[in-house]
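Notes to accompany the following structure.
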Amino acid sequence: HSYSKVSIKLVKSLAKDFGLGEDFSKSIAKNLFSRSEQDKSVVYIADGVKDHCIDSIGAERMKCVWSGVKIWEKSERDNFYMLTQDGMQIIEPFITKRRVELSRSELKSVLNTLGREVPLETFAPATRDAIRALAPGSLVVSLKGGNRNLKLPIVINYTDNDALKLIWRYRKGLEQAPKVKIKSLLTALDGI
C-alpha cells in the first residue's frame, strides 16, 4: 500500500469534532495520510519524510513500508475515529473541544481498568454531566486542579455504553509499554 492524502471531508469532520482551528489546518492537516482508501487510520508524516518519500519526483519508485505517527484509528465497533495516545501528543496543542478533567480517584479508576469499561455512574455528578454533554468518542483527559508534572493529558474513550474505556495500543514488541506507563502514572498519583 502506498500513502495517499486523507480526504478533505474527513479532515474537516475531525477538525470540527476536536475543535482544531486554523493553525492545525496550516501546519498539520497537509501532512495527514492514510494507507487505505477507507481511511482506516490517519497518519501524520513529517515534512522532511513527506518531501522526500511522497512528494518528490521518483518517489513512486520507492516503497515506503511504514512512516509517521498514527493520529486517529477508525473504530468499526464504536463508529468513530479514536485519537491515539501517540497522536494526541502531536495535535494536543490544537485541541479545543473534547477535553475533560477527572479527579485523582476518577483517573485512577480508569487507569486501573485498561481495556475495560468504567460506568459513568461511578463518577461525580459534575464529571458525568461534562462527559454526557459530549457524543461518544475520544476525550483528552487531564487531572482536575492541574497535571502537577504528570505526563498528562491522556486519551480515554467515551463509549455508547455510557462508560469510559482506556485503550492503549503499541506496535509489536512494545506490548508492555502501556502497562509500564500506566503504573508510572498510578505511582505518581499516589504521591499527590
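Some notes on this structure:
- Criterion (open to solvent by less than 30 Å² (accessible area, probe 1.4 Å) and at positive phi) met by exactly one of 87, 137, 145: 137
- When the residues of the stretch 99-124 are filtered to those that are assigned to a loop (DSSP other than H, G, I, E, B) and surrounded by fewer than 19 Cβ atoms within 10 Å (Cβ to Cβ), the one that is farthest from the chain's Cα centre (by Cα) is 124.
- Scan of the stretch 85-110 for residues that are under 14 Å from residue 165 (Cβ atoms) and modelled with pLDDT under 95, ordered by number: 85
- Any hit, the stretch 158-169, residues being closer than 26 Å to residue 31 by Cβ, of a type in the set (A, V, I, L, M) and modelled with pLDDT under 90: yes
- When residues in the stretch 66-98 are screened for being touching a residue at least 12 places away in the same chain (Cβ under 8 Å), charged (D, E, K, R) and part of a loop (DSSP other than H, G, I, E, B), 3 of them pass.
- The residue of the stretch 17-63 that is surrounded by the fewest Cβ atoms within 10 Å (Cβ to Cβ), among those that are among the hydroxyl-bearing types (Ser, Thr, Tyr) and either modelled with pLDDT of 85 or more or under 21 Å from the mean Cα position of the chain (by Cα) (or both), is 36.
The values are calculated or read from the model by the stated rules, or taken from the named source; none is laboratory data. Note that the structure is predicted; figures quoted are calculated from it, not measured. Positions of Cβ are backbone-derived with ideal geometry, glycine not excepted, and every protein chain shown enters the neighbour counts. Surface areas here come from the heavy atoms of the whole protein model, side chains and all, with no ligands, DNA or RNA. Shrake-Rupley method; radii C 1.70, N 1.55, O 1.52, S 1.80 Å.
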